[in-house]
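Below: one structure, written as structure tokens.
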């Protein structure tokens, strides 16, 4: 088969970023349900956090200057004039020469500027012996130390983590706008493909590995999956089924069918679904070259290669950027790939990005990546692997002992 | 407050691994719903994958020996005697000197041992000119190359990934036994704590940051969360609410309340819930020392520190091993932490594990970890961070430029 519009990985990602954007309006969800969702608004605080000065230890609120010079042999002596209650206003102002008991998290009384830890004092009736001096602000979180009024606390486009939601709770925001969950349809194609629950295979038949694998990966990535079933290599039927599924989803995946016939149909179907049709017809990678990216009716369509190894690699490499675009997600701040050393020479061809399955091994001198070779039709090679290593298009290969970067298989997007 | 049974992190993890195991019987789920679940059985294949020899390319099935010596200038000539249909039995045996067209994934005819790619042949009527020789087995996946009958394909205790589920589909297993989802209860304590949706705070009050943050992290980790609300620092009420929630869950988290009173109550409540009660009372870490691990009625109870930074770090450090034990999950094969270089000296104390928040920066010479300092009561320090770096208990600190390992914030367990 000829590929008429082969692009590099970087070119393809650029095309994806140019063509795709959120299709739906954001939705509002409770912060208890928002983890892993993409924030669709900038968040500013209307409040200070904490709203009052708090103690970070159990101890005594004091004026720091009244403790200066205090030591084990020469304590400072202060008058105990009160006890702060958790969750209550500190009622009694603190004057010079005084101390008030304060629990961790308690509100500092007016006039106090620091806390002496309970370990460094001794109570003698109403008198407090202070054995260590403190500086102003010591053991105190001041009002607004965590968040100031008007502060831009969260940026549109982040994927919400537990601490981001904790911050929203802190400023009293319990509902937030997030990108709608992308709905992805998977249509499996190929005359040889039968459902996984078919117990007795006829000669020539193969169970549908890819749709389960791809669907599971999409679920990890936070997408909703609609399985469109299996369609034969017959153009009219293929188009009708693809069209019906396309109407229900935000993103359509056509999972080959690795035969030339299926691949041709995939191109024709994408063109028939609507303008502009095919954007990328072949990607300069190994494996994964027969990957197709299209756009119809404003929505992405992707034709995945038929070999399971290729399909999973290309979904992560190019399907993930599509999902990010559909949710308006920001780009990563840093390269999240994992570093290890490669256990042997691996040749490659310039002009093509190679993706090598690797198993990771802890050795005495660190972490090593051991290539798992095998045809890309063998799903067990992925089961034995911990991740995927890239040999970039400008390299002729890598040498044993080289430091390499690995995309770990995991739940992270 | 005195800690009567302070343990190191390693000792605590050992105690967790000794004391906790799955509470419930495994459940059976569809492979379409099993991603991220922990496999509760060993899986052996009853079949070969593929069940027949397949082509990995579009081309012609041949006997390799009939192509030996073939080249551009000196092609081999073979008789075309058929065309393999996708998904059908290869009906006509292949004899010496013959070739049959075969699509990618097609079934090899009897007598063929290799495939010549379509790019290396020319059809002239019923005659095939072969311009490149092939070796036996070339471009072929043989029956059983991926999986053999009786092969131990998946091990009990793995967390199922997309490719593992693809493999199950390949061998016709569409339902699998997995550990039941752990149900975790969160009870927030502290007189100062109010629900996040309280709009007007009274002096001394703080919204409940931790339960939202911890609950969200538990959801990422695949747990089901029951929010038990907020209880005041009053022992009888605290015990009654803890007991009621404990009955509904597999794992109870008591989220401080960082005051000494709350911490004391947590110990008493764990003891009152049942034998053996408190196992670990204080962990040799900074932050996170006031962490309590207990066991009652065979189930884990954990008292988390009150500061949000400490709570999230200790949940990942010790709550995750508890969740793994409850699901019978195997230990990691390799250290999954991320490597970077530290941007400045960080002192530490021997005998204590320090956990430092870091932001990651891509610089010209690689990835650097920049410590994010700040009191552990400040949730924004976690929002600004990309992960947590450990300084292990046997180190006095680390020096600028040292290679360090970082637990990235993410979805992975």
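Please treat every number below as a calculation from the coordinates, not as lab data. Keep in mind it's a predicted model, so treat the numbers as computed, not measured. FYI the Cβ positions are ideal-geometry reconstructions off the backbone, even for glycines, and counts take in every protein chain you see.
The ranking of B:207, A:359 from fewest to most other beta carbons within 10 Å of each one's beta carbon is A:359, B:207. Here the protein assembly as shown yields Rg over Rh of 1.05, to two decimals, using C-alpha coordinates and the Kirkwood radius. In this simple spin-label approximation, residue A:132 and residue B:334 carry label points 7 Å from Cα along the Cα→Cβ vector, and these lie 4.4 nm apart.
If a/c stays under 1.5 just call it rounded; otherwise compare a/b with b/c (prolate if a/b is bigger, oblate if not). Do that for the range B:338-408, with a ≥ b ≥ c from the square roots of the Cα gyration tensor eigenvalues.
Judged from the Cα gyration tensor, the range B:338-408 comes out oblate (a/c at least 1.5, b/c at or above a/b).
Mean partner shielding of peptide B:188-199, defined as the number of other chain Cβ atoms within 10 Å of each residue Cβ, is 5. Distances from residue B:143 to itself in the other copies, using label points 7 Å out along the Cα-Cβ axis, amount to 8.1 nm in increasing order. Here the range B:1-113 is treated as a Stokes sphere of Kirkwood radius computed over C-alpha pairs; at 4 °C and 1.567 mPa s its diffusion coefficient rounds to 65 µm²/s. Per-residue Cβ neighbour counts within 10 Å put B:279, B:252 in the sequence B:279, B:252, beginning with the fewest. Each peptide in B:160-172, B:220-232, A:331-343 was scored by the mean count of other Cβ atoms within 10 Å over its residues; highest first, the order is B:160-172, B:220-232, A:331-343. Relative to the longest principal axis of the Cα atoms of chain A, helix A:235-246 runs at roughly 20 degrees. Give me the percent relative contact order of chain B, please, defined on Cα pairs under 8 angstrom at least 6 residues apart. Reported relative contact order: 17 percent. Between the Cα long axis of helix A:9-19 and the first principal axis of chain A there is an angle of about 80°, rounded to the nearest 10.
Measuring between their Cα centroids, the range A:264-319 and the range A:171-240 lie 15 Å from each other.
Can you work out the FRET efficiency for the pair residue A:77 and residue B:14, with r the C-beta to C-beta distance and R0 = 45 Å, to the nearest 0.05?
For R0 = 45 Å, the calculated efficiency reads 0.40.
Only Cα pairs under 8 Å and 6+ residues apart enter the sum, and on that basis the relative contact order of the range B:54-141 stands at 44 percent.
Taking the C-alpha atoms only, the angle from helix B:209-220 to the longest principal axis of chain B is near 20 degrees.
Along each principal axis, taking the top coordinate minus the bottom one, the Cα set of the range B:273-413 gives 56, 30, 29 Å in descending order. Highest mean first, the peptides A:5-17, B:39-51, B:302-314 sorted by other C-beta atoms within 10 Å per residue fall in the order B:302-314, B:39-51, A:5-17.
Take the convex hull of the alpha carbons in the range B:127-209; its mean projected area over all directions comes to 14.4 nm².
Working note: Cα gyration tensor of chain A, eigenvalues times five, square-rooted, sorted largest first, giving semi-axes of 60, 26, 18 Å. Computed on the Cα atoms alone, the convex hull of the range A:54-141 gives a volume of 71 cubic angstrom per residue.
With n ≥ 4 as the cut-off for DSSP H runs, can you work out [θ] at 222 nm for chain A, using -39500 (n - 2.57) per run divided by the number of residues, rounded to the nearest 500?
-5500 deg cm²/dmol
In nm, what is the difference between 0.36 nm times the number of residues separating residue B:42 and residue B:202 and their Cα-Cα distance?
51.9 nm
Counting Cβ atoms of other protein chains within 10 Å of each Cβ in A:167-179 and taking the mean gives 5.
Relative protection proxy for A:362-369, B:389-396, from highest mean packing down: B:389-396, A:362-369 (other beta-carbon atoms within 10 angstrom).
Inter-chain Cβ neighbour count for B:216-223, averaged per residue, equals 5 (cutoff 10 Å, partner chain atoms only). Using the alpha-carbon centroid of each, what span in Å lies between the range B:376-391 and the range B:47-106? Centre-to-centre (Cα) distance: 60 Å. With the simple spin-label model, which puts each label point 7 Å out from Cα in the Cβ direction, the residue B:142 to residue B:240 separation comes to 7.4 nm.
Hydrodynamic radius of the range A:271-317 by the Kirkwood approach over all distinct alpha-carbon pairs: 10.8 Å. Projecting label points 7 angstrom from Cα along Cα→Cβ for residue B:399 and residue A:123 puts them 4.8 nm apart. Listing B:289, B:407, A:324, A:248 from fewest to most neighbouring C-beta atoms within 10 Å gives A:248, B:289, B:407, A:324. What the Cβ-Cβ distance of residue A:152 and residue A:297 gives, at R0 = 35 Å and to the nearest 0.05, is a FRET efficiency of 0.45.
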